[in-house]
Amino acid sequence: MQVVHVHVHVKPECIEAFRQATIENAQNSVREPGVARFDVVQRTDDPARFTLVEVYRTPEAPAAHKATAHYARWRDAVADLMAEPRAAVKYENVFPPDEGW
């Protein structure tokens, strides 16, 4: 399992547009065979900051995700909504074990 946290800082006036585009992307992403989870979380103390928590089943799954039409639509839709470039941090799953995901 590969886990990616994508940290996004959105322009305050673009929060709702970012939410809608990101929810649509997440709804499509969870249908991908290589995606085990795709969570979208928003900070309560700073609503302009989001984290996408992406859990992939295989090492190839992140590249397959980035090759989808829904990812391309999301990437293009949110490009001008961000206050700064998004940042991704990759993790290796430790617990729980990935059986059954």
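The values are calculated or read from the model by the stated rules, or taken from the named source; none is laboratory data. Note that the structure is predicted; figures quoted are calculated from it, not measured. Ideal geometry is used to build each Cβ from the backbone, glycine not excepted, and the neighbour counts take in all protein chains shown.
Assorted remarks:
- Checking the stated criteria, VAL30 turns out not to satisfy the condition of being of a type in the set (A, V, I, L, M) and touching a residue at least 12 places away in the same chain (Cβ under 8 Å).
- Only residues that are among the small types (Gly, Ala, Ser), farther than 24 Å from PRO97 by Cβ and surrounded by 16 or more Cβ atoms within 10 Å (Cβ to Cβ) were counted across region 47-74, and they come to 1.
- Complete set of residues in region 9-53 that are of a type in the set (D, E, K, R) and closer than 17 Å to MET82 by Cβ: LYS11, GLU13, GLU16, ARG19, GLU24, ARG43, ASP46, ARG49
- Residues that are assigned to a helix (DSSP H, G or I), touching a residue at least 24 places away in the same chain (Cβ under 8 Å) and surrounded by fewer than 16 Cβ atoms within 10 Å (Cβ to Cβ), drawn from region 1-14: PRO12
- The single residue among ALA83, ALA77 that is exposed (fewer than 13 other Cβ atoms within 10 Å of the Cβ), more than 20 Å from MET1 (Cα to Cα) and at pLDDT 95 or above turns out to be ALA83.
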